[in-house]
Amino acid sequence: MIQLTERQEKIIEIVKNNEPITSDAIAQNLKLTRATLRPDLTILTMFGVLDARPKVGYFYCGKSSLNFFSDRIRNIKVSEIKSVPVVVQEETTVYDAIVTMFLEDIGTIFVLSDGYLSGVVSRKDFLKSAIGGVDINKMPVGVIMTRMPNIVITTSGESVFRAAIKIIEHQVDSLPVVEEINNDGDIRYKVIGRFSKTNITRLFVDLGKTDLE
Ligand code: ADP
């Protein structure tokens, strides 16, 4: 929810009752200067509460803060908040992949074969292989990973909302952000990013901060 200041609430009331109204007129009504009002008007316009039309003035759009939040998460694309992917090759040993996981401080590694996405390996997969007693120095990561076509993917153009739904529905921590390559009907995926619960949490915090400013 947007936490509006008392002055912002007053501006909304003035615009509601007098629309279209210029910023000059709003300022006069509140006995303030236009410069003082400018940040409030910017925030209200940005949140979609008010609409500003050049040479006409401000209109009330009637958007609630809830609408603002859902609009934002539907409009922000995965490409805007994705992270750099961490990848290993299928032949990489489980031991080396675990070292990569620690060095990169990451919970999921994407696995490539011939440069294309072939699997995903996560903490639980490593734990499973450890309690299964495999020789982690010899076992390639390709044997313990979750393999294509069972990988849940996202693309740069997908909304963060849709991608977040995939994370919840499939109960995973992250999705590879991919670019589809179609070689005469043979569809493969290049890994161009990583979209994880951390990205979503960061966005959540950023949207919360905007509300406080
Ligand atoms: P963790 O092992 O840290 O709990 P996840 O919950 O993401 O991490 O992984 C659980 C299982 O799901 C693992 O077997 C992993 O290989 C698999 N997995 C992880 N991400 C994906 C994905 N995007 N698509 C399909 N399977 C995945």
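The values are calculated or read from the model by the stated rules, or taken from the named source; none is laboratory data. A quick note: this is a predicted structure, and the numbers were derived from the prediction, not measured. Note that we place each Cβ from the backbone using ideal geometry, even for glycine, and neighbour counts take in every protein chain shown. Surface areas here come from the heavy atoms of the whole protein model, side chains and all, with no ligands, DNA or RNA. Shrake-Rupley method; radii C 1.70, N 1.55, O 1.52, S 1.80 Å.
Quick notes
- Choice from Asn150, Asn75, Asn182 with maximal GNM fluctuation in the chain (Cα, 10 Å cutoff): Asn182
- Size of charge dipole - the range 78-203 - debye, nearest 20, with Cβ of Lys, Arg +1 and Asp, Glu -1, no other charges: 440
- For the chain, the per residue solvent-accessible surface stands at 59 Å², with DNA, RNA and ligands left out and a 1.4 Å probe.
- When the square roots of the Cα gyration tensor eigenvalues are ordered a ≥ b ≥ c, the ratio a/c for the range 1-51 is 1.5 or more and a/b exceeds b/c, which makes its shape prolate.
- The length gained by stretching the chain between Asn75 and Asn17 to full extension, at 0.36 nm per residue less their Cα-Cα distance, is 17.8 nm.
- Fraction of accessible area attributable to carbon and sulfur, the range 6-73 (%, probe 1.4 Å): 51
- Here the simple spin-label model places points 7 Å from the Cα toward Cβ, and for Leu127 and Gln3 these points are separated by 3.7 nm.
- Straight Cα distances below 23 angstrom link Lys31 to the lysines Lys10, Lys16, Lys55, with same-chain residues fewer than 8 positions distant left out.
- Cross-link partners of Lys124 among lysines (Cα-Cα below 26 Å; sequence separation of 8 or more within a chain): Lys82, Lys138, Lys166, Lys190, Lys197
- Lys31/Leu207 FRET efficiency (R0 35 Å; Cβ-Cβ; nearest 0.05): 0.60
- Of the trypsin sites (Lys or Arg not before Pro) found in the range 95-138, the ones in coil according to DSSP and having at most 13 other Cβ atoms within 10 Å of their Cβ are Lys138.
- Cα shape, the chain, gyration tensor, a/c 1.5 rule: prolate
- Rounded to the nearest 20 debye, the dipole size of the range 24-123 about its Cα centre is 1060 debye, using +1 on the Cβ of Lys and Arg and -1 on the Cβ of Asp and Glu.
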